[in-house]
Amino acid sequence: ADSLSDLFMAALEGMVRLISGSPPLFKEAETENEKFILTADSLEDLLVDWLSEMIFHIQVNRKIPDAIFQLSVFEENNHKKLTAKVNFKPLETRESENFSEIKAVTYHHLSIVKNQDEYSTVIIFDV
């Protein structure tokens with residue numbers, strides 16, 4: 001990914017693909033959204049918190065991210081911070097019957113690496 005924001009978006013896209021079996025069709029949206037502001041001590045903690053929030057909405061609230069915009073990852077006061085606006089769509093019962101369940105994001109071998117101008121990570125999920 002070209003930036004940390006792009007990496008966090010790609011991680012969410014990959015997780016949604018694992019859950020639903022198809023690539024997400026994230027789009028820009030002007031409708032009502034939910035604002036997220038997350039703070040952590042490390043980028044890895046921030047990534048786990050971000051994906052865990054989305055798992056919560058999928059598993060508990062039965063909503064899947066439909067549009068993500070203004071996603072920003074930055075450092076502030078020696079902490080890593082993420083801000084984003086997310087639109088969710090309700091999961092239809094038929095639709096969710098084919099979904100795989102992800103129980104948690106793990107820290108196993110988790111690291112965010114910057115090689116030259118690219119960020120990468122490997123994420124292992126507890127399924």
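Need one number: nm distance between label points at Ile37 and Phe56, each 7 Å from Cα along Cα→Cβ, rounded to one decimal.
Inter-label distance under the simple model: 1.6 nm.
What label, among [x] 55, 16, 11; [y] 24, 17, 13; [z] 28, 13, 12, belongs to semi-axes √(5λ) of the Cα gyration tensor in Å computed from the structure on display?
[y]
Could you give the distance between the Cα centres of region 87-127 and region 40-73, to the whole Å?
For region 87-127 versus region 40-73, the Cα centre distance is 9 Å.
Please compute the contact order of the chain in relative form: average sequence separation of alpha-carbon pairs under 8 Å and at least six residues apart, divided by the residue count, as a percent.
Value for the chain: 29 percent.
Can you show me the helix-derived [θ] at 222 nm for the chain, built from DSSP H runs with n ≥ 4 at -39,500 (n - 2.57) apiece and divided by the number of residues, rounded to the nearest 500.
Calculated mean residue ellipticity at 222 nm is -9500 deg cm²/dmol.
For a test of understanding, tell me how many lysine pairs in region 63-127 have Cα atoms under 20 Å apart, given they are 8 or more places apart or on different chains.
5
At 1.4 Å probe size, with every protein chain present, just tell me what the per residue accessible area of region 36-127 comes to in Å².
Value returned for region 36-127: 58 Å² of accessible area per residue.
Tell me the net charge near Val48. Cut-off is 15 Å between Cβ atoms, Val48 excluded, with +1 for each Lys or Arg and -1 for each Asp or Glu.
The answer is -3.
As I understand it, the value is the acute angle between the Cα axis of helix 4-20 and the longest principal axis of the Cα atoms of the chain; what does it come to in degrees, rounded to 10?
Between the helix axis and the principal axis of the chain, the angle is about 30 degrees.
Ordering Lys35, Lys80, Lys89 by how much accessible area each has at a 1.4 Å probe, largest first, what is the list?
Heavy-atom accessible area, descending, gives Lys35, Lys89, Lys80.
The values are calculated or read from the model by the stated rules, or taken from the named source; none is laboratory data. Just so we're clear, the structure is a prediction, and the values are computed from it rather than from any experiment. A quick note on method: Cβ atoms are made from the backbone with ideal geometry, for glycine too, and the neighbour counts reach across all protein chains shown. Calculation scope for accessible area: heavy atoms of the full protein, side chains included, ligands and nucleic acids excluded. Shrake-Rupley method; radii C 1.70, N 1.55, O 1.52, S 1.80 Å.
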